[in-house]
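Handing you a structure now.
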Amino acid sequence: MTISFRKIKNEDFSVCATILMAAYNGAPWNNTWTKKDALLRIEATMSGFNSRGYVVEKNNEDDVNALLLGVFFCSLFIS
């Protein structure tokens, strides 16, 4: 099995929302996210200039199996 990572695209948001709902609506979080809630979370996270998002695909198929979202933050303090 081959696993590949690539940058998330807007076209991936819908399937990623379904993955987020499956993850967070079950234990241990037991949230009650709708697809609209999950899409809003993805869109809000990815709207920042320092946001990063990736999807995971198996066997080079164009089928998203997982996602990674986050905000890159780096501080430099000079005194």
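Restrict the search to the chain; then list the trypsin sites (Lys or Arg not before Pro) that DSSP places in a loop and that have at most 13 other Cβ atoms within 10 Å of their Cβ.
Those satisfying the criteria are LYS9.
How big is the convex hull of the Cα atoms of region 13-53, per residue, in Å³?
Looking at region 13-53, the number lands at 65 Å³ per residue.
In nm, to one decimal, how far is the modelled label at TYR24 from the one at ASN10, with both set 7 Å along Cα→Cβ?
It is 2.2 nm.
Then there's this: Just to confirm the filter: which GluC sites (Glu not before Pro) across the chain are DSSP coil and have at most 15 other Cβ within 10 angstrom of their Cβ?
GLU61
Looking at region 36-79, which chymotrypsin sites (Phe, Trp or Tyr not before Pro) are in a loop (DSSP not H, G, I, E or B) and have at most 12 other Cβ atoms within 10 Å?
Those satisfying the criteria are PHE49, PHE72, PHE73, PHE77.
Projected area of the chain, taken from the Cα convex hull and averaged over every viewing direction, in nm²?
Averaging across all directions leaves 7.4 nm² for the Cα convex hull.
FYI, it's all coordinate maths here, none of it is from the lab. Please read these numbers as outputs of a predicted model, since none were measured by experiment. Heads up, the Cβs are rebuilt from the backbone with ideal geometry, glycines too, and the neighbour counts pull from every protein chain shown.
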